[in-house]
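The values are calculated or read from the model by the stated rules, or taken from the named source; none is laboratory data. Computed from a predicted model, the values in this text were never measured in an experiment. As a convention, Cβ positions derive from the backbone with ideal geometry for all residues, glycine included, and neighbour counts pool all protein chains shown.
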Amino acid sequence: MVASVARLFMAGQAHSALGTAKIITGDVHKRKAIWRVDQIAPDGRYTLDNTSRISEMRDRAFAEARVQLPELRRHFFSGPAAEFVPCHSLPA
């Protein structure tokens with residue numbers, strides 16, 4: 001019971017953080033600005049206190065990055081970023 005409540009709270013926090021990021025970046029409304037990559041791992045495969053599978057996690061991350069890179073290049077690495085122009089300025 002406690003584990004399922006903790007999962008519920010963690011899912012709520014993640015959902016809220018993603019929603020906040022979308023509002024801040026204008027994702028969905030103006031442009032696609034957020035890419036979330038979730039890999040599904042078998043239950044119990046990785047734990048916070050066990051470092052024996054770090055190299056396996058690194059290898060999975062590199063493999064996923066190779067899959068995602070072509071799409072990310074199209075959106076982020078095709079040219080220089082536009083100059084930042086603040087919405088508001090401070091009085092002098």
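What residue, among those in region 4-30 that are more than 22 Å from V67 (Cβ to Cβ) and in contact with a helix residue (DSSP H, G or I) (Cβ under 9 Å, 6 or more places away or on another chain), is surrounded by the fewest Cβ atoms within 10 Å (Cβ to Cβ)?
Ranking the candidates gives H29 first.
Condition check ((1) assigned to a helix (DSSP H, G or I); (2) over 30 Å from P86 (Cα atoms)) across all residues:
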residue: F9; (1), (2): yes, yes
residue: I24; (1), (2): yes, no
residue: H29; (1), (2): no, no
residue: A33; (1), (2): no, no
residue: Q39; (1), (2): no, yes
residue: D49; (1), (2): no, yes
residue: D59; (1), (2): yes, yes
residue: A63; (1), (2): yes, yes
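Please go through region 68-82 and pick out each residue that is exposed (fewer than 10 other Cβ atoms within 10 Å of the Cβ) and modelled with pLDDT of 90 or more.
P70
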